[in-house]
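Asker: Handing you this structure, nothing more for now.
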Amino acid sequence: MRLTLAFLLILLTAGCDRPPAEAPDASEQVLAKGGKLDRSHAGKPAPDTEFLDPDGEKTTIADYAGKPLLLNLWATWCAPCVAEMPTLDALAAREPNLRVLAVSQDVEGQEVKVAGFFEERKLSRLEPYRDPQLGLMTALGAAVLPTTILYDGRGREVWRMTGAADWTGAEAAKLLAEASK
């Protein structure tokens, strides 16, 4: 188990600040900060993988069904993740009909690191969700941080973004509106 986590951590560190190596196809777009849009998983149901809510209780994506959900997988050590967090916080404040979950993929000392990160940066709308076993990354096949996935109100994937994005711009607003279609 430790060897698997160590290998996954090496992979995450290697890809954190770069887009995936594969060539983009026609369904991908680039947002202002270099994120790449991927629609190849559209329609797939969210995995039932458990992660921890801000109180340390187990939860799943299905627990938030009923309205669109933007799931952001990130880590405190990932520079592009850190850079996009203020835009996610602003989005969460601005969009009452969209639930924004930022789920930390930090491995060690996660509870202290993540809580301190949110406090230090005065993130007022986002809450510190945690995935200490990296179960969401595994279940979603996410190899790059940050990875952000939009789910519709029925828990079906609309699209995913790999790499950082500016979630405050007009292009992001158009993409997020797709969850309501």
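Asker: Would you point out which residue out of R121, R125 is under 22 Å from E178 (Cβ atoms) and either exposed (fewer than 15 other Cβ atoms within 10 Å of the Cβ) or touching a Gly at 6+ places or on another chain (Cβ under 8 Å) (or both)? I'd like the intermediate steps shown before the answer.
Answerer: Details: R121 fails: under 22 Å from E178 (Cβ atoms).
So the residue among R121, R125 that is under 22 Å from E178 (Cβ atoms) and either exposed (fewer than 15 other Cβ atoms within 10 Å of the Cβ) or touching a Gly at 6+ places or on another chain (Cβ under 8 Å) (or both) is R125.
Asker: Kindly provide the set of residues from segment 90-106 that are within 16 Å of the chain's Cα centre (by Cα) and farther than 18 Å from S180 by Cα, ordered by number.
Answerer: Filtering segment 90-106 down to residues within 16 Å of the chain's Cα centre (by Cα) leaves 90-92, 98-106.
The answer is A90, A102, V103, S104, Q105, D106.
Asker: Now a separate question. Looking at P96, P146, P86 in this structure, which one is at pLDDT 95 or above, surrounded by fewer than 18 Cβ atoms within 10 Å (Cβ to Cβ) and closer than 28 Å to A170 by Cα? Even if it seems obvious, please write down each step before you answer.
Answerer: Working: P96 fails: at pLDDT 95 or above; P146 fails: surrounded by fewer than 18 Cβ atoms within 10 Å (Cβ to Cβ).
It is P86.
Asker: Could you list, in sequence order, all residues of segment 45-104 that are among the β-branched types (V, I, T), closer than 16 Å to W159 by Cβ and part of a strand (DSSP E or B)?
Answerer: So in segment 45-104, the residues among the β-branched types (V, I, T) come out as 49, 59-61, 76, 82, 87, 100, 103.
The next check asks that each one be closer than 16 Å to W159 by Cβ; those that pass are 61, 100.
Within segment 45-104, just V100 meets the criteria.
Asker: Answer yes or no: is there a residue in segment 71-78 that is open to solvent by 30 Å² or more (accessible area, probe 1.4 Å), out of contact with any Phe, Trp or Tyr (no Cβ under 6 Å at 6 or more places or on another chain) and at pLDDT 95 or above.
Answerer: Of all residues in segment 71-78, those open to solvent by 30 Å² or more (accessible area, probe 1.4 Å) come to 76-77.
Now restrict to residues that are out of contact with any Phe, Trp or Tyr (no Cβ under 6 Å at 6 or more places or on another chain): 77.
Filter once more, keeping what is at pLDDT 95 or above: none.
Taking every residue of segment 71-78 in turn, none turns out to be open to solvent by 30 Å² or more (accessible area, probe 1.4 Å), out of contact with any Phe, Trp or Tyr (no Cβ under 6 Å at 6 or more places or on another chain) and at pLDDT 95 or above.
Asker: List pairs: first in segment 161-181 and within 13 Å of R94 (Cα to Cα), second open to solvent by less than 10 Å² (accessible area, probe 1.4 Å) and part of a helix (DSSP H, G or I), Cβ under 8 Å, 6+ apart or cross-chain?
Answerer: What qualifies is W167/E84; W167/L88; W167/L91; T168/L91; A172/L91; L176/L91.
Asker: If you go through segment 51-93 one residue at a time, how many are within 20 Å of E108 (Cβ to Cβ) and in contact with a helix residue (DSSP H, G or I) (Cβ under 7 Å, 6 or more places away or on another chain)?
Answerer: 5
Asker: Just one of (1) within 23 Å of T49 (Cβ to Cβ); (2) assigned to a loop (DSSP other than H, G, I, E, B) trips up D166, so point out which.
Answerer: (1)
Asker: Could you list, in sequence order, the residues of segment 115-141 that are in contact (Cβ under 8 Å) with a residue 24 or more places away in the chain and farther than 18 Å from L52 by Cα?
Answerer: R121, L123, S124
The values are calculated or read from the model by the stated rules, or taken from the named source; none is laboratory data. Keep in mind the model is a prediction, meaning the values are calculated, not measured. All Cβ positions, even for glycine, are placed from backbone atoms using ideal geometry, and neighbour counts span all protein chains on display. Just so you know, the surface numbers come from the protein's heavy atoms only, side chains and all, with ligands and any DNA or RNA stripped out. Shrake-Rupley method; radii C 1.70, N 1.55, O 1.52, S 1.80 Å.
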